[in-house]
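The values are calculated or read from the model by the stated rules, or taken from the named source; none is laboratory data. Everything numeric in this text was worked out from a predicted model, so none of it was measured. Using ideal geometry, Cβ is built from the backbone for each residue, glycine included, and neighbour counts are taken over all protein chains shown. In case anyone asks, the SASA skips ligands and DNA or RNA and just uses the protein heavy atoms, side chains included. Shrake-Rupley method; radii C 1.70, N 1.55, O 1.52, S 1.80 Å.
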Amino acid sequence: MRCPPRLLINTPDVELWPADLLRARGNRDARALAQARWLLRRKRDGRYLAAAQDRGLVPLLPRWTAGIDAEAALDALDRAPRTGGQGLAPAAPLPLHRIEARLQALGLRAEDYAQRTGLALVPEPAWLAFAGHDRYRRPLWLQADTARAWHRLRAAARADGIALDAISGYRSHDYQLGIFERKRARGLSVEAILAVNAAPGFSEHHSGRALDIGAPGEPPAEASFERTAAFAWLRERAAGHGFVMSYPADNPHGIVYEPWHWRHDGAAA
Ligand SMILES: [Zn+2]
């Protein structure tokens, strides 16, 4: 019998996590997690809302009660694929109106930014597949076919004596909004932040198809990655596994050279 796929179920406000992949943040959490298959996590601040147990939702946040956001998450769970493997269909994209509204509230005109950079708003997928752990032992989430391609890529590298590790995969709109808002709170201007970070909603990481790749012992996301054997190998072989470097030097989007950032287009296998 095949195990059901390990998924992150995604909705605009709430994520459903497999309970065994989350760390308890206290004794109460630990007890509830041990008896739950799924945990409801609020995307805006990462708080654990409730554990989904056989007897129903057990709140983990004081005074929390299930509203339409929790209902939407449980409905999404019902619609999620039950079996894994090669047959897993691509996840549907979530709507974009929420990120558009948040950008407007931040004083960031999405259309102007899109025109200036040639980038487009990137929807989050309705669910993501567990792709193992990243360098920091955090769960790595990717679209199912990208997860398989990443495992094949890493195995092929290993066969050639090259070690690759994942530094970052899927990131939500809320995650990128959090970075933006913290920098704004420290007094940085919108322009100063956009010189270094993609505008929230415009990062390829939202798609579940982008991956920051590193070499063990090398600092993460540094231009020096370009001088590693791992990078030389990727430049030769990544395309054969359907991966392309999104931001080469002098790319038309005005994004700094990112030799560590690769996108799975799925064309090659
Ligand atoms: Zn990246």
Quiz item: Using alpha carbon coordinates only, what is the Rg to Rh ratio of the stretch 7-79, with Rh defined as the Kirkwood radius?
Solution: 0.91
Quiz item: Counting other Cβ atoms within 10 Å of each Cβ, which trypsin sites (Lys or Arg not before Pro) in the stretch 64-115 have at most 16 and sit in a DSSP loop?
Solution: R82, R109
Practice problem: With no solvent and one equal point scatterer per Cα, compute the Debye intensity ratio I(q)/I(0) for the chain at 0.12, 0.13 Å⁻¹ and report its log10, rounded to two decimals. | Solution: -0.80, -0.94
Quiz item: Of all the accessible heavy-atom surface of the chain, with the other protein chains kept in place and a 1.4 Å probe, what percent is carbon and sulfur?
Solution: 51
Exercise. May I ask you to derive the relative contact order of the stretch 7-79, considering only C-alpha pairs under 8 Å and at least 6 residues apart, and to give it as an integer percent?
Key: 30
Quiz item: Between the stretch 1-60 and the stretch 168-239, what is the C-alpha centre distance in whole Å?
Solution: 27
Practice problem: Identify which of P18, P219, P81 has the largest mean-square fluctuation in a Gaussian network model of the chain, with springs joining Cα atoms closer than 10 Å. | Solution: P219
Self-check item: Charged-residue dipole, Cβ positions (Lys, Arg, Asp, Glu), the stretch 99-264 about Cα centre, Debye nearest 20
Solution: 360
Quiz item: Taking Rh as the Kirkwood radius computed over C-alpha pairs, what is the Stokes-Einstein D of the stretch 1-155 at 10 °C in a medium of viscosity 1.306 mPa s, expressed in µm² per second?
Solution: 92
Quiz item: On average, how much accessible surface per residue is there in the chain, in Å², for a 1.4 Å probe, leaving out ligands, DNA and RNA?
Solution: 52
Exercise. Using a Gaussian network model of the chain whose springs link C-alpha atoms within less than 10 Å, name the residue from P59, P252, P90 with the highest mean-square fluctuation.
Key: P252
Practice problem: Evaluate the relative contact order of the stretch 83-154 (contact order divided by residue number), counting alpha-carbon pairs under 8 angstrom at least 6 apart; express in whole percent. | Solution: 30
Quiz item: What relative contact order, as a whole-number percentage, does the chain give when Cα pairs under 8 Å and 6 or more residues apart are counted?
Solution: 16
